[in-house]
Amino acid sequence: MSLSGRTDGHFVVLSLMMVGLIGTCVYGENDGVSVGAPMVETEQEALYSAIQGFVGKWWNGSDLYPDPCGWTPIQGVSCDVFNGFWYVTDLGIGQIHDNSYPCAQNLEFRPQLFQLQHLKSLTVFNCIISPSQGLISIQSANWDAFSSTIESMEFRSNPGLTGHIPSSFGNLKKLQSLVLIDNGLSGGLPANIGNLTVLKRLVMSGNLFTGKIPESYGDLSELLIMDLSRNSLSGSLPLTFGGLTSVLKLDLSKNQIEGEIPSEISNLKNLTLLDLSNNKISGGLTFASQEMSSLEELILSSNPISGDLVNFNWNNVHRLMVLDLSNMSLTGAVPESILSLKNLRFLGLNDNKLLGNLSSRLANLSNLTALYVNGNNLNGELKFPKEFYIKMGRRFGAWNNSNLCFPIAKSYVSVRPIGVKVCHE
């Protein structure tokens, strides 16, 4: 519950938004001093060298951009005034604008990057494209230099960026957003990320991470988004996740996580999205031991969870809009207690081992626009009103239930569900 924007293009570019700060003193002691404010020479030289490390030695910043925070701004660079001088606060390297510079084949994180004294945000987007550029790692860089300034770091769509997450990331005490999406990073997740007490967004999806999720991640009490999806993480869900009391979206899908869903998950009163799909989770549906009043999307599909739907307390998740429990080896009947989900729009129960009749009262869920019960052992007649079939159209899936049938009538011929046989009189 993600979290996830991508752009196309043939060049690797140096870019973010071009920000004009002339006339605005954000941190200066005197309003108005930013007009014509100078830039500290060492800061300017560090900026030129840092950019050159990414785009190549051919790039001559002093000739192209003699006043990088003033009348010759650099795309991807934003500045603020501190004590009457311009300093770089945001640096973006990435494929955002079509007319920007390609990254060099032998790019490097130069030491000068870490001499930018007030850098708050660093973005590297679609820059390190292929391992054929050489193995490029972020491990050896001096990230501790940003320990008191950096608030946001994002490495997105850099498949040629390899190696482990530096343990020094855990020392960036002001970090509020750490985004590592679709890179070639591997190894375990550093436990000391749990020390980042002001972290609000932790997104590390689409890498090659392995091992267990550290229990310390449950200490991130201000976290709003956690997305560790599309990796190879294993082990069970930490019981400490009950401490993520501010989290809105928790996405751990497409990993190798096993064990039960701990009841501590129901402590997450602000949670709107829980996606644990495509893992190895088992143990039945037992986690909602108390009301999860904000939960809108519950996606548990493609797990060997097993068990039935009858004993789950649907009233504790009564605000659900999306419920995907497909391919979970569920048994038993589809209970009418699921009718308490008045806001439900999508219900996926397909590819299980469900038995019995399908209650026509499901048509009373006025917001429901997609219902999939295909691939089960349901039986009897489908007795939904004609209006229900018309509304659902192809979003009603009931095929591959060998003992389920449709009571054909002249007025119903046009709405017969795909793949459901006609009942014999």
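The values are calculated or read from the model by the stated rules, or taken from the named source; none is laboratory data. The shown structure was predicted, so the numbers you read here are calculated from the model rather than taken from an experiment. For neighbour counting, all protein chains shown are included, and Cβ atoms are generated from backbone atoms with ideal geometry for every residue, glycine included.
Side notes on the structure shown:
For every residue, the table says whether it meets (1) crowded, with 16+ Cβ neighbours inside 10 Å; (2) within 15 Å of the chain's Cα centre (by Cα); (3) at pLDDT 95 or above.
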residue	(1), (2), (3)
241	yes, no, yes
244	yes, no, yes
253	yes, yes, yes
259	no, no, yes
276	yes, yes, yes
291	no, no, no
301	yes, no, yes
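- Test: residue in the stretch 280-293 that is touching a strand residue (DSSP E or B) at 6+ places or on another chain (Cβ under 9 Å) and farther than 30 Å from residue 231 by Cβ: no
- Candidates 404, 368, 320, 344, filtered to the one that is aliphatic (A, V, I, L, M) and outside any loop (DSSP other than H, G, I, E, B): 404
- Filter result (more than 14 Å from residue 196 (Cα to Cα), part of a loop (DSSP other than H, G, I, E, B) and either of a type in the set (Val, Ile, Thr) or more than 25 Å from the chain's Cα centre (by Cα) (or both)) within the stretch 139-155: 140, 141, 142
- Positions within the stretch 38-65 being of a type outside the set (Phe, Trp, Tyr), under 17 Å from residue 117 (Cα atoms) and either modelled with pLDDT under 90 or surrounded by 18 or more Cβ atoms within 10 Å (Cβ to Cβ) (or both), in sequence order: 39, 43, 44, 46, 47, 50, 51
- One residue stands out in the stretch 306-338 among those that are under 24 Å from residue 259 (Cβ atoms) and among the charged types (D, E, K, R): the one that is surrounded by the fewest Cβ atoms within 10 Å (Cβ to Cβ), namely 308.
- Scan the stretch 175-221 for residues that are part of a strand (DSSP E or B), within 21 Å of residue 236 (Cβ to Cβ) and of a type outside the set (D, E, K, R) and the total you get is 6.
- Only one entry of 232, 236, 186 meets the criterion of being modelled with pLDDT of 95 or more, more than 23 Å from residue 138 (Cβ to Cβ), surrounded by fewer than 18 Cβ atoms within 10 Å (Cβ to Cβ) and not acidic (Asp, Glu), and that entry is 236.
- Selected residue (only one of 264, 258, 222 is among the acidic types (Asp, Glu) and in contact with a strand residue (DSSP E or B) (Cβ under 7 Å, 6 or more places away or on another chain)): 258
- Considering residues of the stretch 156-174 that are assigned to a strand (DSSP E or B) and of a type in the set (Ser, Thr, Tyr) only, the residue nearest to residue 223 (Cα to Cα): 157
- Single residue of 46, 50 found to be within 27 Å of residue 186 (Cα to Cα), touching a helix residue (DSSP H, G or I) at 6+ places or on another chain (Cβ under 7 Å) and among the small types (Gly, Ala, Ser): 50
- For the condition touching a strand residue (DSSP E or B) at 6+ places or on another chain (Cβ under 9 Å) and surrounded by fewer than 16 Cβ atoms within 10 Å (Cβ to Cβ), residue 348 does not qualify.
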